[in-house]
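To keep things clear, I will list the structure first and then write my remarks on it.
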Amino acid sequence: MKTAYLDAFSGLSGDMIVGAILDCGADFDQFERAIKSLPIAGYRLSTRRKISSGISALKFDVAVTQPQPERHFAEIRALIEASALAATVRHRAISIFEVLAQAEAKIHNTSPDRVHFHEVGAVDSIIDIVGTAWGLEHLGVGDVLVSVLPMGGGFTRSQHGVIPVPAPATAELLSGFPVKIGDGAHEMVTPTGAAVVRALARPAAIPLGFEVEKIGYGAGARELEDRPNVLRLMLGRERAAFDSDEMIEISANIDDLSPQIYDHVMNRLFAAGARDVTITPTMMKKSRPAVTLGVIAEATRRDAIAEIIFAETSTIGLRFHGVERLKLHREIHEVQTRWGMVRVKTSGAHGREPTTISPEYDDCRRIAAEHKVALRVVIEEARDAARARGPAHRGEK
């Protein structure tokens with residue numbers, strides 16, 4: 001599948017992303033039909049060309065023609081699930097709203113299901129998010145990269161009153177992404193744009209080896225004095241054979257903890273954002289047998305990880321250091337089995353056939369229990385269905 005690179009030198013928003021997707025060749029009539037499958041009304045869609053600093057960009061607009069209710073996350077999820085959109089589109093769209101609900105819940109000290117969306121629950125933002133999910137699928141995009149993001153400055157007004165820029169939800173969603181604080185005189189990244197980045201994208205390694213196939217520009221509404229207010233979307237393929245990222249490794253030697261507790265500790269660490277947790281037998285001074293608890297995580301998760309280890313284990317000290325990882329490129333697809341849809345993770349070097357095909361264990365276990373089928377049979381059928389997709393179905397040459 002293709003890779004999308006969001007070159008966001010002027011930030012990004014939901015309408016800018018949709019505009020850039022349409023400018024890259026997504027068909028507007030098909031886009032409109034997809035949006036009409038949502039059980040919502042009171043809007044009108046349009047596009048127009050806009051010139052910014054000599055750059056011709058596509059401005060996507062949603063005109064709201066009827067008053068809209070404020071919606072909770074559960075209501076929005078139900079709207080999307082009730083649509084006729086493809087399962088992969090629904091999954092992407094819901095994942096964007098999920099990360100937004102989690103960020104809002106943390107800011108307002110509530111739970112994700114109780115989050116009451118205001119601006120982002122409006123019909124135009126729902127269309128921007130669902131339209132982004134549909135457009136990426138329509139263009140055959142499997143992976144999304146994003147540049148360093150300008151965060152702007154000052155204050156803006158919301159349903160909650162005057163808030164700082166970047167908005168609290170935007171700042172929370174972009175934790176762990178490279179940003180430029182104070183770059184720009186206005187709000188440069190909206191919560192909708194930040195939610196798309198959080199759910200679907202990863203930071204681009206610069207310099208980036210990239211083979212560009214197509215470029216589209218999505219226009220923003222505001223005129224900026226210091227730069228063209230457009231989002232550049234590049235479609236193509238990464239040239240690096242492997243993905244890479246930077247993490248930290250946190251470890252502690254423990255010799256006086258009941259082995260029963262480690263399962264609970266590991267579950268808490270994964271819930272806090274750990275990418276990997278290992279328990280390794282070791283020998284401490286005076287020949288005392290012990291274990292080394294090792295955690296791989298993003299640097300921004302360090303304190304949260306440390307707090308759990310100190311609370312749940314007997315250690316009084318931790319070690320940590322930065323690590324770089326090379327990893328196979330991974331994609332998640334949904335495949336149809338005779339019992340229902342199963343998510344399947346494929347991995348391999350860029351531009352090559354997948355080297356591993358791994359059906360999602362929880363999906364297979366649920367289907368096996370519901371239909372009283374052997375788990376191994378469900379796993380094998382899901383793996384066979386993934387193989388049958390073939391290069392043409394994955395958009396590969």
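The values are calculated or read from the model by the stated rules, or taken from the named source; none is laboratory data. What you see is a predicted model; the values in this text were computed from it and never measured. Please note: Cβ atoms are built from the backbone with ideal geometry, for glycine as well, and neighbour counts cover all protein chains shown.
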_Looking at the stretch 358-382 only, could you name the residues that are more than 13 Å from Val344 (Cβ to Cβ), in a helix (DSSP H, G or I) and not aliphatic (A, V, I, L, M)?_
Arg365, Arg366, Glu370, His371, Arg376
*asked:* List the residue pairs whose Cβ atoms are under 7 Å apart, where the first residue sits in the stretch 91-116 and is within 10 Å of Arg77 (Cα to Cα), the second is β-branched (Val, Ile, Thr), and the two are 6 or more positions apart or on different chains.
replied: Ala93/Ile80; Ala93/Ile129; Ala93/Val130; Ile94/Ile80; Phe97/Ile76; Phe97/Ile129
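Got a sec? Which of Gly140, Gly161, Gly135, Gly131 is more than 19 Å from Ser10 (Cα to Cα) and either touching a strand residue (DSSP E or B) at 6+ places or on another chain (Cβ under 7 Å) or polar (S, T, N, Q) (or both)? Spell out how you get there, then give the answer.
On the way: Gly161 fails: either touching a strand residue (DSSP E or B) at 6+ places or on another chain (Cβ under 7 Å) or polar (S, T, N, Q) (or both); Gly135 fails: either touching a strand residue (DSSP E or B) at 6+ places or on another chain (Cβ under 7 Å) or polar (S, T, N, Q) (or both); Gly131 fails: either touching a strand residue (DSSP E or B) at 6+ places or on another chain (Cβ under 7 Å) or polar (S, T, N, Q) (or both).
The conditions single out Gly140.
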*Residues being in contact with a strand residue (DSSP E or B) (Cβ under 6 Å, 6 or more places away or on another chain) and without any contact (Cβ under 8 Å) to a residue 12 or more places away in the chain: count how many of those fall in the stretch 246-265.*
0
*asked:* Can you tell me which of (1) under 26 Å from Leu38 (Cα atoms); (2) without any contact (Cβ under 8 Å) to a residue 40 or more places away in the chain; (3) touching a Pro at 6+ places or on another chain (Cβ under 6 Å) is the one Ala169 doesn't meet?
replied: (2)
_Only one of Val323, Val335, Val230 that is more than 23 Å from Leu149 (Cα to Cα), surrounded by 14 or more Cβ atoms within 10 Å (Cβ to Cβ), in contact with a strand residue (DSSP E or B) (Cβ under 8 Å, 6 or more places away or on another chain) and of a type outside the set (Ser, Thr, Tyr)_ = Val335
*asked:* Quick check on this structure: which one of Glu98, Glu70 is among the acidic types (Asp, Glu), over 18 Å from Gly218 (Cβ atoms) and in contact with a Gly (Cβ under 8 Å, 6 or more places away or on another chain)?
replied: Glu70
_Failed condition for Glu104, given (1) of a type in the set (Asp, Glu); (2) over 15 Å from the mean Cα position of the chain (by Cα); (3) within 24 Å of Gln30 (Cβ to Cβ); (4) part of a helix (DSSP H, G or I)_ = (3)
*asked:* Being under 30 Å from Gln336 (Cα atoms) and either in contact (Cβ under 8 Å) with a residue 40 or more places away in the chain or not hydrophobic (A, V, I, L, M, F, W, C) (or both) narrows it down to one residue among Glu81, Glu70; which is it?
replied: Glu81
_Candidates Ser13, Ser52, Ser56, Ser37, filtered to the one that is in contact (Cβ under 8 Å) with a residue 40 or more places away in the chain, farther than 30 Å from Arg227 by Cβ and surrounded by 12 or more Cβ atoms within 10 Å (Cβ to Cβ)_ = Ser37
*Do we find a residue being free of Cβ contacts under 8 Å to residues at least 40 places away in the same chain, part of a helix (DSSP H, G or I) and not assigned by TED's automatic domain parsing to the domain that holds Tyr361 anywhere in the stretch 278-286?*
yes
_Positions within the stretch 179-191 being in contact with a Pro (Cβ under 6 Å, 6 or more places away or on another chain) and at pLDDT below 95, in sequence order_ = Gly184
*Can you spot a residue in the stretch 341-357 that is more than 15 Å from Thr88 (Cα to Cα), part of a strand (DSSP E or B) and at pLDDT 90 or above?*
yes
_Quick check on my filter: what residues within the stretch 175-210 are outside any loop (DSSP other than H, G, I, E, B) and among the β-branched types (Val, Ile, Thr)?_
Val179, Val189, Thr192, Val196, Val197
_Filtered residues of the stretch 120-151 (kept if over 16 Å from the mean Cα position of the chain (by Cα) and not in a loop (DSSP other than H, G, I, E, B))_ = Val120, Gly121, Val123, Asp124, Ser125, Ile126, Ile127, His138, Pro150
*Is one or more of the residues making up the stretch 11-24 among the polar types (S, T, N, Q) and within 30 Å of Arg239 (Cβ to Cβ)?*
yes
*Just for the stretch 152-174: of the residues that are part of a loop (DSSP other than H, G, I, E, B) and at pLDDT below 95, which one is surrounded by the most Cβ atoms within 10 Å (Cβ to Cβ)?*
Pro166
